[in-house]
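The values are calculated or read from the model by the stated rules, or taken from the named source; none is laboratory data. Bear in mind that the values here come from a model prediction, so they are computed numbers and not experimental data. Cβ sites come from the backbone with ideal geometry, for glycine too, and all protein chains shown count toward neighbours.
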Amino acid sequence: MSADASELDGLARSFRAIPALMVPKLKGVVAKSAVNTKKIMQADARKSRHFKQIAPTISYDLRVMEFFGDGVIEAEIGPSSSSGGYGGAGRGGRATGGSAASLAGIAYFGTSKPGGGTVRNPEDAMLEEAPNFYEYAFKATEGLL
């Protein structure tokens, strides 16, 4: 007995091609959401009487990588010492010393002494943008499966 599995082979090839098709589409989605999240974080910082100077230093880095055949797209959003003249940056734009990123740590989370912790947590900006991200991702990948 024999069976024609050519249609199943074609379906399997189509499924294997999906990740390569999705990465370029989702790269734009991640970039758009990173811009939106950055704007939310900048607005939150500008509202602060004591920490508004970190607002112009908030930026994002977009990275596209491959991990064991899967595409990985990520954005890192936050204060960068490379903008705003707050000091040197370490690996990946992370600030060192008396930089905007160090000041942002105080703005977001405070210190052991009273003060700071008055700017909304960056995670809240991400959660605010999440519904838009899901909508953009759905629209970008619609019809791939």
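What number of residues within region 1-30 are in a helix (DSSP H, G or I) and more than 30 Å from Ala104 (Cβ to Cβ)?
So the answer is 20.
Quick one: is Ala31 modelled with pLDDT of 90 or more, under 15 Å from the mean Cα position of the chain (by Cα) and small (Gly, Ala, Ser)?
yes
Of the conditions (1) within 21 Å of Asn132 (Cβ to Cβ); (2) exposed (fewer than 15 other Cβ atoms within 10 Å of the Cβ), Ala20 satisfies every one except a single condition; which number is it?
Here Ala20 clears every test but (1).
Say we look at region 99-114 and pick out the residues that are free of Cβ contacts under 8 Å to residues at least 40 places away in the same chain and out of contact with any Pro (no Cβ under 8 Å at 6 or more places or on another chain); which of these is surrounded by the fewest Cβ atoms within 10 Å (Cβ to Cβ)?
Per the criteria, the residue is Ser112.
Test Ala130 against the stated conditions and say whether it is within 17 Å of Ile54 (Cα to Cα), at pLDDT 90 or above and of a type in the set (A, V, I, L, M, F, W, C).
No.
With (1) closer than 21 Å to Gly78 by Cβ; (2) touching a residue at least 40 places away in the same chain (Cβ under 8 Å); (3) part of a helix (DSSP H, G or I) as the list, and Lys38 as the residue in question, which single condition is left unmet?
Of everything listed in (1) closer than 21 Å to Gly78 by Cβ; (2) touching a residue at least 40 places away in the same chain (Cβ under 8 Å); (3) part of a helix (DSSP H, G or I), Lys38 misses just condition (2).
Within the group Ser48, Ser33, which residue is assigned to a loop (DSSP other than H, G, I, E, B) and surrounded by 15 or more Cβ atoms within 10 Å (Cβ to Cβ)?
Checking each option against the conditions leaves just Ser48.
Among the residues of region 85-100, is there at least one that is in contact with a strand residue (DSSP E or B) (Cβ under 7 Å, 6 or more places away or on another chain) and at pLDDT 90 or above?
no
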